[in-house]
1. Restricting to Cα pairs below 8 Å that are 6+ residues apart, what does the relative contact order work out to for the chain? Please round to a whole percent.
2. So for the chain, Kirkwood radius off the Cα pairs, Stokes-Einstein at 20 °C and 1.002 mPa s: how many µm² s⁻¹?
3. Enumerate the residues in the stretch 29-60 having an amide nitrogen under 16 Å from the point lying 7 Å beyond the Cα of residue 7 toward its Cβ.
4. Among the chymotrypsin sites (Phe, Trp or Tyr not before Pro) in the stretch 1-68, which ones are in a DSSP loop with at most 15 other Cβ atoms within 10 Å of the Cβ? Mind listing them?
5. Any chance you could look up the accessible area of residue 73 with a 1.4 Å probe, heavy atoms only, rounded to 10 Å²?
6. What spacing in nm lies between the two simple spin-label points modelled at residue 80 and residue 37, each 7 Å away from Cα in the Cβ direction?
7. For residue 46 and residue 22, what does the FRET efficiency come to when R0 = 22 Å and r is the distance between their Cβ atoms, rounded to the nearest 0.05?
Amino acid sequence: MYDKYHWKYTTGLGMLMVAIACALQGYASQETDLRLIVVAFIIRGIGSGIFQGPNFTEVLNALPMDKTALASSIASTARNLGTALGVSIATIL
């Protein structure tokens, strides 16, 4: 969608949604309704999706064509490694 419409505020909107979701999750307690926590996770997921697509597109467009495959693989590896480590550390704690 970003490739077609190229709206320059897409990444900002995505990060704003992630920030709002983080604030909701940060102020949650044991008394917080579970539906609010689920809504915060949904907002965070949508915000991350809105942010990551345009951000990744702009990064790859800034590189020479012969470097895009390498940059894409490094970015995907870093994202997957971060996810795996985050889940592992959260499980340990």
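1. Relative contact order of the chain: 32 percent.
2. My calculation gives 140 µm²/s for D.
3. So the set is 46-55.
4. 7, 9, 27
5. The value for residue 73 is about 60 Å².
6. 3.0 nm
7. Computed FRET efficiency for residue 46 and residue 22 comes out at 0.95.
The values are calculated or read from the model by the stated rules, or taken from the named source; none is laboratory data. Since we're looking at a predicted model, the values are computed, not measured. Positions of Cβ are generated from backbone atoms using ideal geometry, with glycine treated the same way; all protein chains shown enter the neighbour counts. With ligands, DNA and RNA removed, areas are computed over all heavy atoms of the protein, side chains included. Shrake-Rupley method; radii C 1.70, N 1.55, O 1.52, S 1.80 Å.
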